[in-house]
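Visitor: Okay, here's the structure, questions in a sec.
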Amino acid sequence: MMLTIDVVSNYANIYFKEFLSYSPKLISAFVILFIGLYAIRIINRLIRKLMIKRELDPTLTKFLADILLWTLRILLFVTFISKLGIETSSFVAILGAMGLAIGLSLQGSLSNFAGGMLIILFKPFKVGHTIEAQGVFATVSEIQIFVTKLTTANNQTVFIPNGILSNGTITNYSLEKNRRADLLFSISYESNIKQAKDLILAILNNNPKVLQNPKPEVFVKNLTDSAIQLAVRPWAKSEDFGEVFTETLESCKNAFDSAGIAFQPFVKEKSQSN
């Protein structure tokens, strides 16, 4: 069929009439879309403010707000395409099949997602806590849906998947308010034990960062072939633990040097051949 001006004009009129008849659906769909997006933003802000007002955990607040945001967006998108006249039942079936395929291919990610949920719900640690897990000693800077972000003492960022983190052993150094330092000093047999203990106790009692309840302890832990081992156990607030640990070491070394008490170096036993 040859294209003539009359044929083109006829097709143009047909398409124009179809467009006019379809335009109310198109306009109403986009009106719903824009109003819905604006309403979702308002609802999300209100929910966040409400959860903050209720003093919920910041990580849990962000997590629940994000889930609500994407749930509302998906519902809005389904409403939008339904308003355009697209059959939603087949679309939902396609989404379900896609979800199943993605779920099978991302089993590890789903495990991390479940681990993130467990961490957020049961709270073995929070943002700002110092923990040791999976061979990493660091401070928690962010708990995300799939990974936990940690910052080490030398300012390195470590990401640990939530799946293995939630299933492994976690040592939380910030959960309790107070911590005890376990120090071990080895002195020679020529040293006066009472004098050494009195010097250490004087140092601990004069340090304002060392707690007096529970009281610090100093006692003979072991008598080895080469040295007398003194256990030194001061208590401190968690935030002062590092300073108390290092200050005790330095102060005891200086006090022992002034008193003539010698630290006994570690002596490795030599094996004797027959």
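Visitor: Quick check on this structure: which one of Leu69, Leu50 is within 14 Å of Ile145 (Cβ to Cβ) and at pLDDT 80 or above?
Guide: That would be Leu69, the only listed residue that is within 14 Å of Ile145 (Cβ to Cβ) and at pLDDT 80 or above.
Visitor: Determine if the range 235-258 includes at least one residue that is among the small types (Gly, Ala, Ser) and in contact with a strand residue (DSSP E or B) (Cβ under 7 Å, 6 or more places away or on another chain).
Guide: yes
Visitor: Out of Val140, Val127, Val147, report the one residue that is of a type in the set (Val, Ile, Thr), surrounded by 14 or more Cβ atoms within 10 Å (Cβ to Cβ), touching an Asp or Glu at 6+ places or on another chain (Cβ under 9 Å) and at pLDDT 80 or above.
Guide: Just a single option satisfies the conditions, and that option is Val127.
Visitor: Here is a follow-up. Any idea which of (1) in contact with a strand residue (DSSP E or B) (Cβ under 8 Å, 6 or more places away or on another chain); (2) surrounded by 13 or more Cβ atoms within 10 Å (Cβ to Cβ); (3) not acidic (Asp, Glu) is the one Leu184 doesn't satisfy?
Guide: Every condition holds for Leu184 apart from (2).
Yes/no matrix, rows are residues, columns are (1) farther than 30 Å from Ile131 by Cβ; (2) surrounded by 15 or more Cβ atoms within 10 Å (Cβ to Cβ); (3) of a type in the set (Phe, Trp, Tyr):
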| residue | (1), (2), (3) |
| --- | --- |
| Asn178 | no, no, no |
| Ala202 | yes, no, no |
| Ala231 | no, no, no |
| Ala236 | no, yes, no |
| Asn254 | yes, no, no |
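The values are calculated or read from the model by the stated rules, or taken from the named source; none is laboratory data. Remember, predicted model here, so these are calculated numbers, not experimental data. Here Cβ is always computed from backbone atoms with ideal geometry, including for glycine, and neighbour counts include all displayed protein chains.
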